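The values are calculated or read from the model by the stated rules, or taken from the named source; none is laboratory data. Just so we're clear, the structure is a prediction, and the values are computed from it rather than from any experiment. When we count neighbours, we look across all protein chains shown, and the Cβ atoms used for this are built from the backbone with ideal geometry, even at glycine. To get the accessible areas, we keep the full protein, side chains included, count just its heavy atoms, and leave off ligands, DNA and RNA. Shrake-Rupley method; radii C 1.70, N 1.55, O 1.52, S 1.80 Å.
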Amino acid sequence: MTTAPIRVLLADDEPMIRAGLRAVLTTDPGIEIVAETGDGREAVELVRRHRPDVAVLDIRMPGTDGITAAAEIRRNGLASGVLMLTTFGEDDYILRALSGGANGFLIKSGEPEELLAGVHAVAAGAAYLSPKVAARVVAHLAATGAGRPADRRAGAREQVAALTTRERDVLTLIAAGLSNGRIARRLGVVEGTVKAHVSSILARLGVANRAAAAVLAHEAGLTLGATCAGGPRD
């Protein structure tokens, strides 16, 4: 049985960057580029027209930027996942994009393999934060949030500790970029159970989406190979 390719839209106002993205994506036979643009407003129209699985958006573009485009895609009820491209020094933009519904973030100077991994993860319904983005966001929160960095970490750990043991397991795998299906296989449960856990996690943590939950997990130090003590059992 042949699997349908992941349909991708590219939006970046720099032609050379867009050409580089295209060159990387076309090395994967499981990815098909269905449209390209250098404008956020046109990106929304192209998403509406082509219904791609993933829209890869530059976080900053003249006119309508990627953040506004992502929010518009969500408001229109379009099912395309959004993978944001950012550079160092755009931490405020990343935080805005998190609340606007972006599913993943990549640094433009990252490795080509990260772009491919991000597209596949977002297409599968997962959140994807490149390690560099996760580190930058956590550092930015520590530098600009209320209270000292240690207080922020303690607050994040307290939030996470309120989850059940199984919910913390699921959150750890969300932070690692796994989809519901992969989490289910990893934990030996059905996918519907994972979906229920994800809904509960987002509600308990008070975050809007998986990407924001992943950031909180990183801030709490809840990553693969690490544990967060305390909290109720299943």
Out of everything in segment 206-234 that is open to solvent by 50 Å² or more (accessible area, probe 1.4 Å) and under 23 Å from Gly118 (Cβ atoms), what residue ends up being modelled with the lowest pLDDT? Gly225
Only one of (1) of a type outside the set (S, T, N, Q); (2) in contact with a His (Cβ under 7 Å, 6 or more places away or on another chain); (3) modelled with pLDDT of 90 or more does not apply to Ala203, and that is (2)
From Ile94, Ile17, which residue is out of contact with any Gly (no Cβ under 6 Å at 6 or more places or on another chain) and at pLDDT 90 or above? Ile17
Residue by residue through segment 94-113, note down the ones that are open to solvent by 40 Å² or more (accessible area, probe 1.4 Å) and in a helix (DSSP H, G or I). Leu95, Arg96, Ser99, Pro112, Glu113
Need pairs with beta-carbon distance below 8 Å; first residue more than 16 Å from Met84 (Cβ to Cβ) and part of a helix (DSSP H, G or I) and within segment 13-35, second of a type in the set (Val, Ile, Thr) and open to solvent by less than 80 Å² (accessible area, probe 1.4 Å); sequence gap 6+ or separate chains. Arg22/Ile33
Residue that is assigned to a helix (DSSP H, G or I) and open to solvent by less than 10 Å² (accessible area, probe 1.4 Å), where the choices are Ala55, Ala71, Ala43: Ala43
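Scan segment 118-136 for residues that are part of a helix (DSSP H, G or I) and open to solvent by 40 Å² or more (accessible area, probe 1.4 Å) and jot them down.
Narrowing segment 118-136 to residues part of a helix (DSSP H, G or I): 118-123, 131-136.
The answer is His120, Ala123, Pro131, Lys132, Ala135, Arg136.
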For segment 188-198, check the following and say yes or no: at least one residue is open to solvent by less than 60 Å² (accessible area, probe 1.4 Å), under 14 Å from the mean Cα position of the chain (by Cα) and at pLDDT 90 or above. no
Of everything in segment 172-183, what is in a helix (DSSP H, G or I) and either open to solvent by 20 Å² or more (accessible area, probe 1.4 Å) or within 18 Å of Val122 (Cβ to Cβ) (or both)? Give them in sequence order. Leu173, Ile174, Ala175, Asn180, Gly181, Arg182, Ile183
Inside segment 55-69, can you point out the residues that are more than 16 Å from Ala35 (Cα to Cα) and within 15 Å of the chain's Cα centre (by Cα)? Ile59, Ile67
